[in-house]
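One structure below.
The values are calculated or read from the model by the stated rules, or taken from the named source; none is laboratory data. As the structure is a prediction and not an experimental result, all values here were calculated from the model. Here the Cβ positions follow ideal geometry from the backbone for every residue, glycine too, while neighbour counts run over all protein chains shown. Side chains included, ligands, DNA and RNA excluded: accessible areas come from the protein's heavy atoms. Shrake-Rupley method; radii C 1.70, N 1.55, O 1.52, S 1.80 Å.
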Amino acid sequence: EVDDRPGGLVAVLEVMARVGVDVDYMYAFLDKREERGILVFRFADTDAALRALAGSDLAILPSVELYKPLDA
């Protein structure tokens with residue numbers, strides 16, 4: 001999750017650049033319940049990406065959250 005503002009993606013890309021992990025592709029959408037941007041990535045090295053993100057101040061959204069109904 002990132003703030004829904006211009007440049008929200010930069011925070012994730014900066015973390016990946018520091019550890020040298022490439023992004024294969026990415027999808028983005030908004031969670032209007034929380035006013036957050038949701039970014040779904042495919043990384044060249046998923047394990048390294050998750051370790052880097054876990055060591056940052058960025059929120060990693062559990063996949064189960066993506067499937068919650070909007071009225072939940």
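Numbers for the structure displayed
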read-out	value
Selection status of Glu34, farther than 17 Å from Ala11 by Cα, over 12 Å from the mean Cα position of the chain (by Cα) and not in a helix (DSSP H, G or I)	yes
Checklist (1) touching a residue at least 24 places away in the same chain (Cβ under 8 Å); (2) surrounded by fewer than 13 Cβ atoms within 10 Å (Cβ to Cβ); (3) of a type in the set (Asp, Glu) applied to Asp45, failing item	(2)
Residue within the stretch 4-19 that is among the aliphatic types (A, V, I, L, M), open to solvent by 60 Å² or more (accessible area, probe 1.4 Å), part of a helix (DSSP H, G or I) and in contact with a helix residue (DSSP H, G or I) (Cβ under 8 Å, 6 or more places away or on another chain) present	yes
Test: Val40 is open to solvent by 70 Å² or more (accessible area, probe 1.4 Å) and either touching a strand residue (DSSP E or B) at 6+ places or on another chain (Cβ under 8 Å) or touching a residue at least 12 places away in the same chain (Cβ under 8 Å) (or both)	no
Top-ranked residue in the stretch 48-72 [being part of a loop (DSSP other than H, G, I, E, B) and at pLDDT 85 or above; ranked as most open to solvent (accessible area, probe 1.4 Å)]	Asp57
Residues that are among the β-branched types (Val, Ile, Thr) and over 19 Å from Ala48 (Cβ atoms), drawn from the stretch 1-25	Val2, Val10
Condition met for Phe43 (modelled with pLDDT of 90 or more and among the aromatic types (Phe, Trp, Tyr))	yes
The stretch 11-30 residues that are touching a residue at least 40 places away in the same chain (Cβ under 8 Å), paired with ones that are of a type outside the set (A, V, I, L, M) and surrounded by 13 or more Cβ atoms within 10 Å (Cβ to Cβ) (beta carbon under 9 Å, 6 or more apart)	Ala11/Ser56; Val12/Phe41; Val12/Ser56; Val15/Ser56
